[in-house]
Amino acid sequence: MFRMHAFNKLLAGWFLFIGLLIACRMYITRELLFIFLVWNLFLAWIPFYVSALLQHFKQKRRVSYLLLITWLLFFPNSLYLITDLIHVGRGSDFPRWFDAMLIFSAAVLGLLMAFISLYRVEQFLQTKTKQHVVHALMIVILFLGSFGVYLGRFLRWNSWDVLHQPHRLFVSIGERILYPVEYWYAWGITAMFTVLFYLIYFSAKKLPGYLNRAKQDLNESA
């Protein structure tokens, strides 16, 4: 799907571009309004890094499954960045097009890291079980990731709360599982995000094939 060493260079370019946009905005406005994007991008980078470790330790069963659980806990942070688009136009009279470009860039980078890490996890799972089971697990993972986005954006929970406030977090999740009708809004949002992330991820996986086919068609018509 992707060449990792080439992607790492591209990743550095994304971080540099976003960093420059943030620095430019801070210099002009003297505000720290969008400095939170730095933290959000760091959180999004964690599952990307953990998935790389997963590939490295895939032969060590206990370590690999511990890494897989850790990855799953932090995976929603990569998807979460897309919801930061709600901040466009907030806080100052700074041009909205600039803020939109800044936050959109961060969201794209988050999704890139999310889906690269998801692809690594998919490759790992393919060595453990059958392909149709892996495909079903990808949907489940995207559903759980989308629910994590809901928990983060609307209820303001984060991955660290699994350790800091586990009881309150599990009660909050349990209420929504036990009373799905009362919390239909939560599951509706989760479902929408799941479909969106599914379409983006599996479209990205098909993209190299489409490009190769277009190249072949071009060569044949030449």
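Things worth noting here:
- Residue within region 209-217 that is modelled with pLDDT of 90 or more and open to solvent by less than 90 Å² (accessible area, probe 1.4 Å) present: no
- Matching entry among I173, I177 (being open to solvent by less than 60 Å² (accessible area, probe 1.4 Å) and among the hydrophobic types (A, V, I, L, M, F, W, C)): I173
- Residue in region 157-167 that is among the charged types (D, E, K, R), without any contact (Cβ under 8 Å) to a residue 60 or more places away in the chain, within 30 Å of V108 (Cα to Cα) and open to solvent by less than 40 Å² (accessible area, probe 1.4 Å) present: yes
- Looking only at residues in region 115-142 that are hydrophobic (A, V, I, L, M, F, W, C) and more than 23 Å from L196 (Cβ to Cβ), the one that is surrounded by the most Cβ atoms within 10 Å (Cβ to Cβ) is F124.
- Filter result for V171 (without any contact (Cβ under 8 Å) to a residue 12 or more places away in the chain and β-branched (V, I, T)): yes
- Checking each residue in region 181-206 for being open to solvent by 90 Å² or more (accessible area, probe 1.4 Å) and in a helix (DSSP H, G or I) picks out W184, Y185, M192, L199, K206.
- Only one of the numbered conditions (1) open to solvent by 70 Å² or more (accessible area, probe 1.4 Å); (2) within 30 Å of I35 (Cβ to Cβ); (3) touching a Ser or Thr at 6+ places or on another chain (Cβ under 8 Å) is violated by L79, and that is (1).
- Residue list for region 87-107, filter: outside any loop (DSSP other than H, G, I, E, B) and in contact (Cβ under 8 Å) with a residue 12 or more places away in the chain: H87, F98, D99, A100, M101, L102, I103, F104, S105, A106, A107
- When residues of region 58-76 are limited to those that are of a type in the set (S, T, N, Q) and closer than 20 Å to M113 by Cα, the one least open to solvent (accessible area, probe 1.4 Å): S64
The values are calculated or read from the model by the stated rules, or taken from the named source; none is laboratory data. All of these numbers come straight from a predicted model, not from anything done at the bench. No Cβ is skipped: glycine too gets one built from the backbone with ideal geometry, and neighbour counts run over all protein chains shown. Heavy atoms of the whole protein, side chains included, go into the accessibility calculation; ligands, DNA and RNA do not. Shrake-Rupley method; radii C 1.70, N 1.55, O 1.52, S 1.80 Å.
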